[in-house]
Amino acid sequence: MAIKAYVEHVAVRVRDIRWHINFFSEVLGMDVREIDGPTDDPKQYWTMGGMQFIAAPDFKAPPSNDDGWLAHLGIMVDDLEAALQAAEPWGVKTLPQGRNWLQLPDGLAVELIQAAPGTVQQALLVNPRAQ
C-alpha cells in the first residue's frame, strides 16, 4: 500500500508576530485556528490554511534564500488579483519571479497561486485534527 501525505502546517519564526497575523488574515483570509499565549501578545499562532507563526523578536533571516533558509511558500488563493490588490498597502516587495511573488518583512518569500474554482474552500473544510 502506498502511503499518502500532505503538509498540515508550516511553522516560521517572525520578529513581528502581530504584523504576520494581520497580513495573513486580511490579505489571504487565514483566520485563527489556535493561539498559544495571550490573544494580544501570542507566543505562537496557527491559522486555518496551514501557517504557524512563532514570536521571535530577535529573529534575523539570512540575507538571501540561498543560505539554506526556507526558500518560499506556495499559497493557493481563490482570487489571485484580489489577493495581490489586498497586499499592496502592506509594503511587501515584489520579487523578480513575478508579481505574484512577494517578500515579507522578515524575508519570507510567498508565491501566490491561482487555484481552480472551489478548491480552496474544499481544502479548508478538511479538519486535520478530527479523529
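Quick note: the coordinates plus some simple rules give every number you see, no bench work behind them. Because the structure is a prediction, the values reported are computed rather than measured. Cβ atoms come from the backbone with ideal geometry, glycine included; neighbour counts cover every protein chain shown.
Relative to the present Cα-Cα distance, how much length would full extension add between residue 99 and residue 10 at 0.36 nm per residue of separation?
On the way: separation 89, 0.36 × 89 = 32.04 nm, distance 2.30 nm.
Result: 29.7 nm gained on full extension.
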Please arrange 18, 129 by counting, for each residue, the other beta carbons lying within 10 Å of its beta carbon, fewest first.
129, 18
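Based on the Cβ-Cβ distance from residue 54 to residue 111, what FRET efficiency comes out when R0 is 22 Å, to the nearest 0.05? Before the final figure, lay out each step's value.
On the way: r = 21 Å, r/R0 = 0.98.
Efficiency, from the Cβ-Cβ distance: 0.55.
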